[in-house]
Amino acid sequence: MDCKAHRKERRLEIKSLHLESQLGEKAFDDEQVINAFVEAIKIFSEFQQCDFVTLTSVEPKYLAQALNKALNLIE
């Protein structure tokens, strides 16, 4: 993850997020990973004194919509 806290805007920007399963391992459970990630980002964004989070780029791309939806619920 590459991120930047835009303190004047009170916004945490996740510039790039790359998720991958370990070689030879079964693919990860999307919902479980998204939920765990969002919970961790809530804590991190509070620490950074940011009120909301934006996501610019994610791999794998098919997770972008679900991640953005979940991140939009952070308040």
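The values are calculated or read from the model by the stated rules, or taken from the named source; none is laboratory data. None of the values given here were measured: they were computed from a predicted structure. Positions of Cβ are generated from backbone atoms using ideal geometry, with glycine treated the same way; all protein chains shown enter the neighbour counts.
Remarks
- Close pairs from the range 38-56: first free of Cβ contacts under 8 Å to residues at least 40 places away in the same chain, partner in a loop (DSSP other than H, G, I, E, B) and surrounded by 16 or more Cβ atoms within 10 Å (Cβ to Cβ), Cβ under 6 Å, at least 6 apart: 42/74
- Within the range 42-67, the residues that satisfy the criterion of being surrounded by 14 or more Cβ atoms within 10 Å (Cβ to Cβ) and over 15 Å from residue 6 (Cβ atoms) are 42, 58, 63, 64, 66, 67.
- Of all residues in the range 1-20 being assigned to a loop (DSSP other than H, G, I, E, B) and surrounded by 12 or more Cβ atoms within 10 Å (Cβ to Cβ), the one that is modelled with the lowest pLDDT: 19
- First in the range 1-14 and under 21 Å from residue 60 (Cα atoms), second anywhere and surrounded by 12 or more Cβ atoms within 10 Å (Cβ to Cβ) and acidic (Asp, Glu), Cβ under 8 Å, 6 or more apart: 3/13; 4/13
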